[in-house]
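One structure is given below, encoded as structure tokens.
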Amino acid sequence: MAWQKSVVALAAAVVLPLTGVTAGSSVAAAPAGDVSAAALPAGSPAAVNGQLRVCGVKLCNQNGKQVQLRGMSTHGIQWYSQCVKTASLDALANDWKADILRISLYVQEGGYESDPRRFTDMVHGYIEEATKRGLYALVDWHQLSPGDPNHNTTRAKTFFKEIAQRHKDKTNIIYDIANEPNGVSWSRIKSYAEAVIPTIRAEDPDSLVLVGTHGWSTFGLSDGTDINEVSRNKVNASNLMYTFHFYAKDHRDSYLNALRTVSSQVPVFVTEFGSQEASGDGPNDFTMANKFIAFMKEAKISWTNWNFSDDHRTGAVFRTGTCSGSSFAGEGPLKDAGKWVRNHLRTADDF
């Protein structure tokens, strides 16, 4: 949610160079000329489910079966690249049993616009590492401030054109073209989506595309507008889902009821949520969070939890300092929110 604005000051402090891939190092960016697709491990989530398709208001796998993907979102990779490395990704795939990695690429706030080449290469590298482990790779264009995604239309087209060109042959790639639009009407977001999606489709006609909704991806609930507006004025695009975000300590039954309503109208993917306050900090409310989890399981709504880092806030899953080491499996390195979400991820998938 809007809390991410408060971490700009960290940008210069924690960005690490992308060096070699070892148990204790950050994941290397894919070489600029490398267009090969890593093989999906047999039996992995992405191998089993293959190319995803929207079926009605649900998400279906390559066999037409409704599925629910569950996983984690990185923190902003300009600040916490040290938390996305061989050992942590191995733990996410093998110990946590996740299905999906959301790669959070901030556009402003020391992110993409400050060095497009560097950050695009970082995303290439993370996609390849997710693929090696059989995870879906959700590329999150994390626009936040300014809230109108049209501010970044040209940048988005440039970025997604290259990502789609290189990874179009993969069946585990998902494109999220606008993280949390805010202070902007749904009609403006729709116009942006209809400008950017054709750039992706020209390269990759098949993969799933996600688009954020107004009110910080709450279908307008957080800015007091009509949550039914999206269903009345859908984006003109195929294989598309709309995103919903919540933080359980602040977003109570009205948000859960809104999720029930909108997910019966249009395809919804919860690309970000937490068990604490919308600041990403403060006390956890696991009782309310479990209500959301139960409904998302019942409705087969896919989700990624915020966030896979050792930020000092309660919403970061690892204890502060964990990412400087190479031990990420089990409950030892985890804060309470990390233990909670890992436990949910380790429950069996219903594929």
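In terms of modelled amide H atoms, which long-range or inter-chain residues lie less than 5 Å from the amide H of residue 335?
Here 318, 319 satisfy the definition.
Taking only protein heavy atoms into account and a 1.4 Å probe, give the accessible area per residue of the range 203-351 in Å².
Values: 5310 Å² over 149 residues.
Here the residues of the range 203-351 average 36 Å² of exposed surface.
Starting from the Cα of residue 194, move 7 Å in the Cα-to-Cβ direction to define the label point; list residues of the range 227-242 whose amide nitrogen is under 13 Å from there.
233-238
Can you give me the relative contact order of the chain as a percent, contacts being Cα pairs under 8 Å and 6 or more apart? Let's see the in-between values first.
Values: 769 pairs, mean separation 68.9, N = 351.
Relative contact order, the chain: 20 percent.
Of all beta bridges DSSP finds with both residues in the range 71-346, what is the antiparallel percent, to the nearest 5? Don't jump to the answer; show the numbers that get you there.
Working: 1 of 30 bridges.
Percent antiparallel among DSSP bridges in the range 71-346 is about 5.
Which whole-number value in Å³ per residue fits the convex hull of the alpha carbons of the range 101-211? It would help to have the intermediate numbers written out before the result.
Working: hull volume 9.3 nm³, N = 111.
Looking at the range 101-211, the number lands at 84 Å³ per residue.
Looking at the chain as a GNM with Cα springs under 10 Å, which of 39, 299, 337 has the largest mean-square fluctuation?
39
Could you work out the helix-only [θ] at 222 nm for the chain, with each DSSP H run of four or more residues adding -39,500 (n - 2.57) and the total divided by the number of residues, to the nearest 500 deg cm²/dmol?
Taking each H run of at least 4 residues, the total per residue is -9000 deg cm²/dmol.
Considering the chain as a Gaussian network with a 10 Å cut-off on Cα pairs, which listed residue, 287, 304, 213, attains the greatest mean-square fluctuation?
In the Gaussian network model the winner is 287.
Once you have the Cα-Cα distance between residue 236 and residue 265, take 0.36 nm times their residue separation minus that, and quote the gain in nm to one decimal. Numbers along the way, then the final one.
Numbers: separation 29, 0.36 × 29 = 10.44 nm, distance 1.54 nm.
Once the chain is fully extended between residue 236 and residue 265, it gains 8.9 nm.
Could you work out how far the C-alpha centroid of the range 281-351 sits from that of the range 188-247, in angstrom?
Spelled out, the Cα-based centre of one part sits 26 Å from the other.
When only Cα pairs under 8 Å and 6 or more residues apart are kept, what is the percent relative contact order across the range 193-351? Intermediate results must be reported in sequence, preceding the final value.
On the way: 238 pairs, mean separation 24.3, N = 159.
This gives 15 percent for the range 193-351.
Would you indicate which of [x] 25.0; [y] 21.3; [z] 19.7 is the value of Kirkwood radius over Cα pairs in Å derived from the coordinates of this structure?
After the calculation, the listed value that fits is [z].
If you roll a 1.4 angstrom probe over the protein chains with everything in place, what fraction of the accessible area of the range 71-346 belongs to carbon and sulfur, to the nearest %? Walk me through the numbers on the way to the answer.
Working: 3670 of 8120 Å².
With neighbouring chains kept in place, the figure for the range 71-346 is 45 percent.
The values are calculated or read from the model by the stated rules, or taken from the named source; none is laboratory data. Since we're looking at a predicted model, the values are computed, not measured. Here Cβ is always computed from backbone atoms with ideal geometry, including for glycine, and neighbour counts include all displayed protein chains. Only protein heavy atoms, including side chains, enter the accessible area calculation; ligands, DNA and RNA are left aside. Shrake-Rupley method; radii C 1.70, N 1.55, O 1.52, S 1.80 Å.
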